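Okay, so here's the structure we're looking at.
The values are calculated or read from the model by the stated rules, or taken from the named source; none is laboratory data. Predicted model, so just to flag it, every value in this text is computed and none were measured. Neighbour counts are summed over all protein chains in view; Cβ atoms, including those assigned to glycine, are modelled from backbone coordinates with ideal geometry.
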Ligand code: HPA
Ligand code: ZN
């Protein structure tokens, strides 16, 4: 049975969202034209036809290639404002937004351009869209530990705009322990810590994210269900997991949405949240993910409210901010 979406989507916080993954085909072509870049696709439909992914890497190849259109502060501001408008329409009241500085500095775009551009949109987000925001600077785990350290150093003048560090990109072969030093440095600088772990990588990567990096949330964490001791630990610590159901289907981390372990995870007492990851590529923004799991997994009102409540509890908000965001 399929339900229609409620007129007013549930208020929620989005905690797992790559801003570069919100680049919709129409904006990609508009920015390409503005910046004199020729994309290797005839039109938006041709580009969309390339969104047929086999795994994380096949997605990442396109994700990094399409970023070539992002060059100026204006581009980053426009990208973020477009996301915030869509997120607001989906009930998002608070967004903690990942960005990948190395994907831009490698193309000659300074980290300051990225952060100042994003920050310009974020500064107006409360007034324009009713959304409070945080920025999370992610290190690319398939780049070296030295490159991550250099990235943190280059971002130093802008860190007053950044709340946390994260870890993303190709997971297998790049365990969290590779980034122990840069996470220690980030902690000393007063930054909060999250990391992708257990999306394609094994449960041992989730253990490392907890015990070596000292993360306060695990991004994805999907494969924790393979390790009962790990589940016990996550439950005991009330460690938030930022799940991304539509992403998991598109990148084939699960066979079908109907087989997603989310209901089982909730029953086992895990602090799960539902997020959109790279919504321009994976077929839906925050509430589209809520609606999809509700329908495919027959979640009831109570479970949906738990997911929404978890999203605010797991956010990097103080009590007063949390109360206002809900
Ligand atoms: N996983 C890892 N890295 C990423 C993702 C993801 O889903 N999206 C953008 N970078
Ligand atoms: Zn992600």
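Side notes on the structure shown:
- Segments classed as helices (runs of 4 or more DSSP H), wholly inside the range 245-326, with at least 2 members that are at pLDDT 95 or above and within 18 Å of the chain's Cα centre (by Cα): 245-250, 279-282, 286-297, 301-313
- Test: residue in the range 192-210 that is farther than 30 Å from residue 91 by Cα, in contact with a strand residue (DSSP E or B) (Cβ under 8 Å, 6 or more places away or on another chain) and surrounded by fewer than 23 Cβ atoms within 10 Å (Cβ to Cβ): yes
To keep it simple, each residue is scored yes or no on (1) without any contact (Cβ under 8 Å) to a residue 40 or more places away in the chain; (2) within 16 Å of ligand 2 (Cβ to nearest atom).
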| site | (1), (2) |
| --- | --- |
| 219 | no, yes |
| 247 | yes, yes |
| 250 | no, yes |
| 264 | yes, no |
| 276 | no, yes |
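- Among the residues of the range 258-276, those identified as under 22 Å from residue 231 (Cβ atoms) and within 16 Å of ligand 1 (Cβ to nearest atom) are 260, 273, 274, 275.
Per-residue answers, yes or no, for (1) away from ligand 1 (no atom under 16 Å from the Cβ); (2) part of a helix (DSSP H, G or I):
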site	(1), (2)
20	no, yes
29	yes, yes
32	yes, yes
41	yes, no
45	yes, yes
48	yes, yes
64	no, yes
78	yes, yes
